[in-house]
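The values are calculated or read from the model by the stated rules, or taken from the named source; none is laboratory data. Fair warning: this is a prediction, and the values are worked out from it, not measured in the lab. Backbone-built Cβ (ideal geometry, glycine too); neighbour counts: all protein chains shown.
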Amino acid sequence: MTGETTGSQRFLAATFAVLLLSTAATATVSASTTAGPATLEYRSIVIFRTDDVQPWYRADALDAVNGVFAAEDVPVTHAVIPTIDGKPVTASGDFCSRLRAMQAENSNIEWALHGYDHGAKTAFYGRSEFGGLPADRQREMVAEGHRTLTDCVGPTKTFVPQFNTHDHNTTRALRESGYTVVSANRWFDRTYYGEGEPFVADGVVHVPSSEPFVANWTTNRLRDPAALHASFESAYDDGELYVQMLHYPTFSDERKVEQLRSFVQFVKAHDGVKFTTLGEFAQAYRSGRLLKTSDGWLYREQGHGAFPRPLVASESSWWVRDLRANGLRGEAADADELEPTESDDE
Ligand SMILES: [Zn+2]
């Protein structure tokens, strides 16, 4: 810790180091041997989001789905409905202790708040639980749901709206309750915000889901494995984020659970795939530890600091490609020379 240097001095030092190394790079490819934080390069980032986690309903299916992710050692974001039939889920006997036992089985679990009571309350963008309601009511619903989930499994900063719809008052209410991530879907984000990829708006990171696992919501028939494989392959080929939406109650028999396991294994068999949760993706994205390149992603684990500031400028792709081509892989400056854009320690 160098107490005398200011943030702007560190920034200038980092900028100078990047420019210096960029200039020297063609002649000194071994520059990457200088000590620096580990930077990992990925083709695709994959997030599994399980909606509708609730008590009193197909508990065996929830155990089976969680068991797949635990056995495969793959992170998963479970979105919990905080209120069922007017009662907080903390009133349901052993539900919260069962969720905590699931977390003991799979430490890669992230809990998310899934709306309030899963009711369709307005016709906003088709159906919505929040969108179109008065701001005060939305604030109450978010605050109450947040209290319940905190009592049940601990606090979260990730919100998954029921029906994948919400409005600007929802995100304001979320921010007031400390939420930093909201995950709707691509169709809604494109229509309402004009963005289909992760973006920051209303003070939170939006990470839309890209794919459902169910083909028919009346019969709960799952999509054909070949169609799901093609969806993932397309994202992988384009170096994109892939967010798979799941609903645990639809995995109602062993054959369906096997289809999920088989899909997870199919994705795992690809080189250069990073599995993460919604929360970790958003934090890395916002704090500058995760960068989109022209054909994939550069990522640093928590505690390894942000990429140099010139890399996170608006033309970041150009910088990233240029540095990678020269073998520098973003190691032009040490993490402790950088002024972080956001604390990693929250
Ligand atoms: Zn739902």
Condition broken by Gln138, with the remaining ones in (1) more than 16 Å from the ligand (Cβ to nearest atom); (2) more than 23 Å from Gly196 (Cβ to Cβ); (3) within 20 Å of the chain's Cα centre (by Cα) satisfied: (3)
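Is it true that Thr277 is more than 16 Å from the ligand (Cβ to nearest atom), of a type in the set (S, T, N, Q), on the phi < 0 side of the Ramachandran plot and modelled with pLDDT under 95? Working first, answer last.
Working: more than 16 Å from the ligand (Cβ to nearest atom): yes; of a type in the set (S, T, N, Q): yes; on the phi < 0 side of the Ramachandran plot: yes; modelled with pLDDT under 95: no.
Answer is no for this residue.
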Strands (runs of 3 or more DSSP E) contained entirely in the stretch 32-83, each with at least 2 residues that are of a type in the set (Ser, Thr, Tyr), under 21 Å from Asn108 (Cα atoms) and modelled with pLDDT of 90 or more: 44-53
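Quick one: in the stretch 165-212, which of the residues that are within 16 Å of the ligand (Cβ to nearest atom) and more than 23 Å from Ala230 (Cα to Cα) is surrounded by the fewest Cβ atoms within 10 Å (Cβ to Cβ)? Give the derivation first.
Here is the first cut: in the stretch 165-212, the residues within 16 Å of the ligand (Cβ to nearest atom) are 165-166, 170, 182-185, 187-188, 208-209, 211-212.
Filter again for more than 23 Å from Ala230 (Cα to Cα), leaving 165-166, 170, 182.
Numbers: Thr165: 24, His166: 30, Thr170: 30, Val182: 26.
If we take residues in the stretch 165-212 being within 16 Å of the ligand (Cβ to nearest atom) and more than 23 Å from Ala230 (Cα to Cα), then Thr165 is surrounded by the fewest Cβ atoms within 10 Å (Cβ to Cβ).
For every residue, the table says whether it meets (1) touching a strand residue (DSSP E or B) at 6+ places or on another chain (Cβ under 6 Å); (2) closer than 28 Å to His270 by Cα; (3) outside any helix (DSSP H, G or I).
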position	(1), (2), (3)
Asp136	no, no, no
Arg139	no, no, no
Gly145	yes, no, no
Asp151	no, no, no
Thr191	no, no, no
Gly196	no, yes, yes
Ala226	no, yes, no
Ser231	yes, yes, no
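Tell me which residues, restricted to the stretch 85-116, are within 16 Å of the ligand (Cβ to nearest atom), at pLDDT 95 or above and more than 19 Å from Met245 (Cα to Cα). So that I can check it myself, show each step before the final result.
Residues of the stretch 85-116 that are within 16 Å of the ligand (Cβ to nearest atom), as a first pass: 85, 89, 111-116.
Pick out the ones that are also at pLDDT 95 or above and you get 89, 111-116.
Of everything in the stretch 85-116, just one residue is within 16 Å of the ligand (Cβ to nearest atom), at pLDDT 95 or above and more than 19 Å from Met245 (Cα to Cα), namely Val89.
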Condition met for Asp151 (within 16 Å of the ligand (Cβ to nearest atom), among the acidic types (Asp, Glu) and touching a residue at least 60 places away in the same chain (Cβ under 8 Å)): no
